[in-house]
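Some notes on the structure that comes next.
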Amino acid sequence: MKFSTNWLRELVEGLDTPPAELGLLITLKTAEQEGVHETGGHLKDVCAARVLSVEALAGGNSKAVVETARYGVRTVVCGAPNCRPGLVSVYVPVGTVLNGRRLEKIRIGGVDSDGMLASGAELGINRDYEGVLELDAEPGGPVPGCAPDAVIEIDNKSLTHRPDLWGHHGMAREVAAILGKRLRDPVDLSLLPDPGGPVKVDIEDYVLCPRYSALVFENVSVKPSPQWLQYRLESIGLNPINNIVDVTNFVMAEIAQPMHAFDRDTLVGGRIIVRSAAAGEMVVALNQETYRLDPSNLVIADEKGAVAIAGVIGGLETGITAKTTRIVLESANFRAGNIRKTSARLKLRTDASTRFEKAQDPHNTVRGLARALELFRIVSPGIRLVGGLIDNCATLAAPSEIRLPLDWLCRKLGRPITAAEVQRILRSLEFGVREEEPGLLAVRVPSWRATKDITIKDDLVEEVGRMVGYDSITPVSPAIAASVPPGDPMREFQQQARKVAASQGFTEVYNYSFVNEETARRFGMDPAAHVAVTNPIAADLSLLRTSLVPGIVGNINDNARHFHDFRLFEIGCEIHKQPGSLPLETPHFIGAVYGQEGDGQAGMFECKRLAGYLLPGLEVRPAEPRVHEHPSRAWTIHWRGALLGRISELHPDFCGGRAAIVDIDLALALQLRPGTPRYQPLRRFPSSSFDVSIVAGMRELVGTLQGLVSGHAGPHLESIAFVRQYSGPPLPEGYKSVSFRVTIGATDRTLTAEELAAVRSRIIEGMKAAGYELRI
């Protein structure tokens, strides 16, 4: 949104603050500005000039002698078709910077051109390049109503909740309150006639259209607007069209009330109907595009059909043309949500729809008509009102009052402030304020702030706070007792797992918690056992994952295209369906070791080593492979008597190269994790060790043998450790020798040689009884 500082000066008495400073104040107290841009700086140098003579030159140009009064008589070369003796136009002297370029004296067609006559587009007054500007002014004077200006550009997002700030009068109100100056109201409601216009207005739904006001005019002359009006619109980015349309745009930019003028002679019948569109109803709009509507769209119609899309754009057939002599001037109010949806559905945003979708003030419709009536008499002399004011209006809610306790306000604001200061601030913003009782104010919200903007006392705190300045509030820490929240064991356990994995060279990855049905089936999972997502973020991510394996396999394949070997891990939740209850989310740790060379055995043991850091003393056992696992390389992880996860190598169909995966149930691991370790004194008595070697089949698990040895060792067993494994002569084919080091000791004495021998004999006899041979 662009605001002309010249316009603001007309509305705020005595406003002399420099534009840059004014923009900063607006940012600090009202809305964020995106920049202050100077415009029309060249207008201080140009002046009106009368063409004394014109002499044709070769190439279509003319030699014109002009009287400027201010710069004397000058000779210029002009190619404009309307350059003629007696014409008063705009002379631009040499040295003037015009559109970023400095005007120099040049020679054209053998004639030195000392300056130039300019078009409205070249001067930035309008967008007409067809000829030089024609003025009704005396030579030497300025362009009437056009002076250098500065435009303050405000970020539209910061005005979304403030429909009143989509017009200069609303911003002028803010400026006047900030600087303590007086606001001038440009609207004279006394100009409006009594009710009783020649056109009837029917409103189908007052929720969608709370108010529709109109005036009818005759003896209208459609022509270009005066230069001051064109320049005012051009400076804020609106395109001058003709005097009638320009007035509606001027009123919209001044008091934020969108308006539209219909050619009365093209309207069928004596009624205007505000209704929902019929299914498939077509409207050819002013932009010459045809729009197909549905009942969710609101239209303005005559007795023949729709003539405008309400709140968005007018129709082409009833638009203002050079032949128009009678008009119906519409000033209405529409429901914000309906206009926003219509604009979005049609992919059509206009200056009107942008304002209507912010929830405009229904009291503003007649103000718009009064302001337009005053301007029409200036830009279209001889225009006449036909009949009185047409105003179909729902019952409007009375202004609401909010009780504002001053002690609460001070606490909320974080600084003391007097009742007098609060009242001054709110009254400067045109709130009604009365002291209901000592320390309690009753604040009446003005209609332009009651459109979903100011509704509760907390909103009034913001009004007071921004005006006193948030920089005047001393930052103080909240006087609230704070306590350290209890620790989250699972969070701490996950952090420990992250640190362990990272220290072993694993890189953490994050995956979506969603899979599709095809992926679930590929990994041997039933899609029906998954929780379905009602609104999936993508069509192919409709199920919540019950395993982290598909995600990590996808990561492996993505990275295998760029790296020969790598290590990845993820910590996330498996989400399992529970009948009659919410889904169960179980945190898991999954790690992967990938390499393009080798037989994959090293990756399996790397995964076991990583799992061993998290689960000291774990045991792995062969397992039946799953669909995605290598047929002969799948282990289950057992720890403290429970099954906690799996270690496996991926099946070659699921990735290129060799990839091993470890999957651990963190919830169960945390549950089984031993408590805080207790202090154990150092052993006072020595222990003794000996080795035993057991001959067993090649497929016999070392863990099984170790468990048997531990069971026979008795209560004095201190530790048992795997030493080595051997196969070959003199052992029979298909057998191996597994060696363990057994350490025996007591806490209260030194064991005798006889006791040690007894333990060793018990182990040997027990293993033989179990069918094993020992190498002694």
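Read the figures in this text as sums done on the coordinates, not as results from a lab. Worth saying up front: this structure is predicted, and the values here are computed from it rather than measured. Here the Cβ positions follow ideal geometry from the backbone for every residue, glycine too, while neighbour counts run over all protein chains shown.
Computed about its Cα centre, the charge dipole of the stretch 41-123 is approximately 80 debye, with only Lys, Arg, Asp and Glu carrying charge at their Cβ.
Can you tell me the length gained on complete extension of the stretch Phe685 to Arg411, counting 0.36 nm per residue apart and subtracting the Cα distance?
Extra length from Phe685 to Arg411 when fully extended: 91.5 nm.
Building the convex hull from the alpha-carbon atoms of the stretch 261-366 and averaging its projection over directions returns 6.5 nm². Calculate the spin-label point distance for Ala58 paired with Asn239, positioning each point 7 Å from the Cα along the beta-carbon direction, and give it in nanometres. Between Asn239 and Ala58, the simple spin-label model gives 4.0 nm. When only the Cβ of Lys, Arg, Asp and Glu is charged (+1, +1, -1, -1), the dipole of the chain relative to its Cα centre reaches about 1480 debye.
Quick check: residue separation of Glu218 and Ala623 times 0.36 nm, minus the Cα distance between them. What number comes out in nm?
Additional length available on full extension: 136.4 nm.
Take the Cα coordinates of the stretch 41-123, assign each an equal point scatterer, and use the Debye formula without solvent to give log10 I(q)/I(0) at q = 0.12, 0.16 Å⁻¹. Taken in order of the listed q values, log10 I(q)/I(0) reads -0.30, -0.54.
Residues of the stretch 1-29 falling in the label zone of Tyr470, defined by backbone nitrogen less than 14 Å from a point 7 Å along Cα to beta-carbon, are 26-29.
Between the DSSP loop rule and a limit of at most 12 other Cβ atoms within 10 Å, which trypsin sites (Lys or Arg not before Pro) in the stretch 450-509 are left?
When the trypsin sites (Lys or Arg not before Pro) of the stretch 450-509 are filtered for loop state and at most 12 Cβ neighbours within 10 Å, Lys452 remain.
Here's how it looks for Leu98: its modeled amide H is under 5 Å from those of Leu103, which are all 5 or more places away or on a different chain.
Converting phi to 3J(HN,Hα) with the Karplus coefficients 6.51, -1.76 and 1.60 and the offset θ = phi - 60°, the stretch 381-389 yields x, x, 4, 10, 6, 10, x, x, 7 Hz in sequence order, with x at every glycine or proline. At a 10 Å Cβ-Cβ cut-off, how would you order Leu643, Leu373, Leu98, fewest neighbours first? So the ranking, lowest neighbour count to highest, is Leu643, Leu98, Leu373.
With R₀ fixed at 45 Å, the C-beta to C-beta distance from Gln601 to Thr752 puts the FRET efficiency at about 0.50.
Other residues with beta-carbon under 9 Å from the beta-carbon of His638 carry, at +1 per Lys or Arg and -1 per Asp or Glu, a net charge of +1. The HN-Hα couplings worked out from phi for the stretch 502-513 by the Karplus form 6.51 cos²θ - 1.76 cosθ + 1.60 (θ = phi - 60°) are 5, 5, 9, x, 8, 9, 7, 10, 10, 10, 4, 8 Hz, whole numbers, x standing for Gly and Pro. The calculated FRET efficiency for the pair Ser477 and Ala20, based on their C-beta separation and a Förster distance of 25 Å, comes to about 0.10. Residues of the stretch 5-21 falling in the label zone of His37, defined by backbone nitrogen less than 19 Å from a point 7 Å along Cα to beta-carbon, are 5-8, 19-21.
Note on Arg377 and Ala539: the model spin-label points, each 7 Å out from Cα along the C-beta direction, lie 6.4 nm apart.
For Ala528, neighbours were defined as the other residues whose beta-carbon sits under 10 Å from its Cβ, and their charges (Lys and Arg +1, Asp and Glu -1) total -1. FRET efficiency for the pair His562 and Arg699, taken as 1/(1 + (r/R0)^6) with r the Cβ-Cβ distance and R0 = 35 Å, rounds to 0.35. Each of Glu435 and Asp188 was given a label point 7 Å from its Cα along the Cα-to-Cβ line. The distance between the two points is 3.9 nm.
Using every pair of separate Cα atoms, the Kirkwood estimate puts the hydrodynamic radius of the stretch 429-484 at 13.9 angstrom. Derived scalar couplings between HN and Hα for the stretch 226-242 equal x, 4, 4, 6, 4, 5, 4, 5, 4, 5, 10, x, 9, 8, x, 10, 7 Hz in order, rounded to whole Hz, by the Karplus curve 6.51 cos²θ - 1.76 cosθ + 1.60 (θ = phi - 60°), x for Gly and Pro. Any chance you could tell me what percent of the C-alpha pair distances in the chain go past 53 Å? Result for the distance tail: 47 percent.
Per-residue Cβ neighbour counts within 10 Å put Thr248, Thr676, Thr290 in the sequence Thr676, Thr290, Thr248, beginning with the fewest.
Each Lys or Arg adds one and each Asp or Glu takes one away; over the other residues whose Cβ falls under 12 Å from the Cβ of Ser513, this sums to -2.
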